[in-house]
Amino acid sequence: MDEQDGFIVAMGCRKCGRCENICPNGALYRINGFVNVDHEKCDLCMKCVKVCPNKALLYME
Ligand code: SF4
Ligand code: SF4
């Protein structure tokens, strides 16, 4: 990840699966079905943030 202000946090994932395969960098992974973000791989493209219907993926500064 480049030096940038923020990062994506995953909180309150409902396991709906909508973000499956959305990440171009393979930064999303699951633990017991709950989505987590690998900050080393994430480049803050925001695709996952836009696709999540539950606002479980959020950009934090
Ligand atoms: S912001 Fe983009 S790169 Fe980062 S986890 Fe979401 S989809 Fe992947
Ligand atoms: S779209 Fe949101 S609620 Fe659905 S699996 Fe992904 S992070 Fe979880």
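The values are calculated or read from the model by the stated rules, or taken from the named source; none is laboratory data. What you see is a predicted model, and the numbers here were worked out from it, not measured in a lab. Here Cβ is always computed from backbone atoms with ideal geometry, including for glycine, and neighbour counts include all displayed protein chains. Surface areas here come from the heavy atoms of the whole protein model, side chains and all, with no ligands, DNA or RNA. Shrake-Rupley method; radii C 1.70, N 1.55, O 1.52, S 1.80 Å.
Take the Cα of M11, step 7 Å toward its Cβ, do the same at Y29, and the gap between the two points is 2.3 nm. Karplus-derived 3J(HN,Hα) values for the range 16-21, using 6.51 cos²θ - 1.76 cosθ + 1.60 with θ = phi - 60°, are 6, x, 5, 8, 4, 6 Hz; glycine and proline are entered as x. For N21 and Y59, the FRET efficiency from 1/(1 + (r/R0)^6), where r spans their Cβ atoms and R0 equals 22 Å, is about 0.65.
For V37, the accessible surface of its heavy atoms amounts to roughly 20 Å² (probe 1.4 Å, protein chains only, rounded to the nearest 10).
The amide H of D38, built 1.01 Å from its N in the peptide plane, has L28, Y29 as neighbours under 5 Å, considering only residues 5 or more places off or on other chains. Ranking R18, R30 from most to least accessible surface, computed with a 1.4 Å probe over the protein chains only, gives R18, R30.
Estimated from helical segments only, the mean residue ellipticity of the chain at 222 nm is -1500 deg cm²/dmol, where each DSSP H run of four or more residues counts as -39500 (n - 2.57).
Toward the positive end of the charge dipole of the chain, with +1 on the Cβ of Lys and Arg and -1 on the Cβ of Asp and Glu, the farthest Cα among C45, F7, I22 is that of I22. About its Cα centre, the chain has a charge dipole of approximately 580 debye under the convention of +1 per Lys or Arg Cβ and -1 per Asp or Glu Cβ, with nothing else charged. Karplus-based coupling profile of the range 53-61, in residue order and whole Hz: x, 10, 6, 8, 10, 10, 8, 10, 7, with θ = phi - 60° in 6.51 cos²θ - 1.76 cosθ + 1.60 and x standing for Gly or Pro.
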